[in-house]
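**Student:** There's a structure below that I have some questions on.
The values are calculated or read from the model by the stated rules, or taken from the named source; none is laboratory data. Since the model is a prediction, treat every value here as computed from it, not as a measurement. We place every Cβ from the backbone using ideal geometry, glycine too, and count neighbours over all the protein chains shown. Note: areas computed on protein heavy atoms with side chains; ligands, DNA, RNA excluded. Shrake-Rupley method; radii C 1.70, N 1.55, O 1.52, S 1.80 Å.
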Amino acid sequence: MNYKTFEYDNYRIHFCKQKKFKTVEFRIYFCSEVNRKKMTYHSVLMDMLVFGSKKYPTKRELLKKRITV
């Protein structure tokens, strides 16, 4: 297993490369003061990252595709 860490301005990226699995996993952790406005932005950003794509731009279209499969 190959493990690397890159540090930038306000964030760190960890890469863990191995040949055992074909799954790609991506995680983002927000570490900042908690307030109502930031929580809303983080929630919207999370939905966009998890459910957004060019092929299925809305959560509804993605769910429709899952139902037909």
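**Student:** Among the residues of region 13-32 satisfying the criterion of being in contact with a strand residue (DSSP E or B) (Cβ under 6 Å, 6 or more places away or on another chain) and either farther than 24 Å from residue 43 by Cα or not β-branched (Val, Ile, Thr) (or both), which is least open to solvent (accessible area, probe 1.4 Å)?
**Tutor:** Checking each candidate, the answer is 16.
**Student:** Assess whether residue 37 counts as being open to solvent by 100 Å² or more (accessible area, probe 1.4 Å), assigned to a helix (DSSP H, G or I) and basic (Lys, Arg).
**Tutor:** It is true that residue 37 is open to solvent by 100 Å² or more (accessible area, probe 1.4 Å), assigned to a helix (DSSP H, G or I) and basic (Lys, Arg).
**Student:** I would also like to ask the following. Please name all residue pairs, on different chains or six or more residues apart, with Cβ atoms under 9 Å, provided the first residue is in region 25-48 and is under 24 Å from residue 14 (Cα atoms) and the second residue is charged (D, E, K, R).
**Tutor:** 30/38; 32/38; 47/59
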